[in-house]
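Trainee: Quick one: structure below, then a few questions.
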Amino acid sequence: MRHQLLKNPGTHKLFYQVLILQAGYLLLSGQHYIFLMSLAIWKVWIKSFEKKLLKIYFIHLFFNSTWSVVFFGFHLIGIALINLVIILMFIIILMKQYLSRDKMSFYLMIPYLVWSSYALILNSSIFLLN
């Protein structure tokens, strides 16, 4: 299937357009994930007041905010892919911390983990197709 996809330029374009449409939908619904992850850190913060955890969260937010600029602004697909891997690592670290402190915060991060994983699939597909 992969070889056929790359051999047929029409299919390649269609596949690319479907990925872009899905990415657009994800960007629109991304606000919900930002709300959920903000609620998650708030629930943990009011229980523990751990500055280390808050630092991890804000470093994660930095990488999260730079992904769009790198991917859409500078069209650096490879660097954006590395950025997404870093974001996913931070999400997993945060979720591990949340699990021991507040299970609801852990559950609030699951949609964001799924969304970021899907973004990784889209980003890597575009990287491989170009």
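The values are calculated or read from the model by the stated rules, or taken from the named source; none is laboratory data. Computed from a predicted model, the values in this text were never measured in an experiment. Because the Cβ atoms are built from the backbone with ideal geometry, glycine has one as well, and the counts that use them run over all protein chains shown.
Trainee: Kindly establish whether residue 69 is β-branched (Val, Ile, Thr), free of Cβ contacts under 8 Å to residues at least 12 places away in the same chain and either surrounded by fewer than 18 Cβ atoms within 10 Å (Cβ to Cβ) or closer than 23 Å to residue 31 by Cβ (or both).
Mentor: On the way: β-branched (Val, Ile, Thr): yes; free of Cβ contacts under 8 Å to residues at least 12 places away in the same chain: yes; either surrounded by fewer than 18 Cβ atoms within 10 Å (Cβ to Cβ) or closer than 23 Å to residue 31 by Cβ (or both): yes.
Yes.
Trainee: Something else: Tell me the residue from 79, 59, 41 that is modelled with pLDDT of 90 or more, within 18 Å of residue 124 (Cβ to Cβ), of a type outside the set (S, T, N, Q) and assigned to a helix (DSSP H, G or I), please.
Mentor: Working: 59 fails: within 18 Å of residue 124 (Cβ to Cβ); 41 fails: within 18 Å of residue 124 (Cβ to Cβ).
Answer to the selection: 79.
Trainee: Look through the stretch 97-118, keep the residues that are surrounded by 14 or more Cβ atoms within 10 Å (Cβ to Cβ) and among the aliphatic types (A, V, I, L, M), and return whichever of them is farthest from the chain's Cα centre (by Cα).
Mentor: So, considering only residues that are surrounded by 14 or more Cβ atoms within 10 Å (Cβ to Cβ) and among the aliphatic types (A, V, I, L, M), the one farthest from the chain's Cα centre (by Cα) is 108.
Trainee: Could I ask something else about it? Name the pairs: first residue in the stretch 33-56 and free of Cβ contacts under 8 Å to residues at least 40 places away in the same chain and exposed (fewer than 14 other Cβ atoms within 10 Å of the Cβ), second residue hydrophobic (A, V, I, L, M, F, W, C) and not in a helix (DSSP H, G or I), Cβ to Cβ under 6 Å, at least 6 apart or on different chains?
Mentor: none
Trainee: Answer yes or no as to whether residue 126 is of a type in the set (Val, Ile, Thr), touching a residue at least 40 places away in the same chain (Cβ under 8 Å) and surrounded by 15 or more Cβ atoms within 10 Å (Cβ to Cβ).
Mentor: Numbers: of a type in the set (Val, Ile, Thr): yes; touching a residue at least 40 places away in the same chain (Cβ under 8 Å): yes; surrounded by 15 or more Cβ atoms within 10 Å (Cβ to Cβ): yes.
Yes, satisfied.
Trainee: When residues of the stretch 72-108 are filtered for being more than 19 Å from residue 129 (Cβ to Cβ) and free of Cβ contacts under 8 Å to residues at least 40 places away in the same chain, how many remain?
Mentor: First pass over the stretch 72-108, keeping only residues more than 19 Å from residue 129 (Cβ to Cβ): 73, 86-108.
Within this subset, residues satisfying the condition of being free of Cβ contacts under 8 Å to residues at least 40 places away in the same chain are 73, 86-93, 95-96, 99-100, 103, 107.
Number of matching residues: 15.
Trainee: Right, here's the next one. Name, by its number, the condition in (1) at pLDDT below 95; (2) over 11 Å from the mean Cα position of the chain (by Cα); (3) assigned to a helix (DSSP H, G or I) that does not hold for residue 94.
Mentor: The single condition residue 94 does not satisfy is (1).
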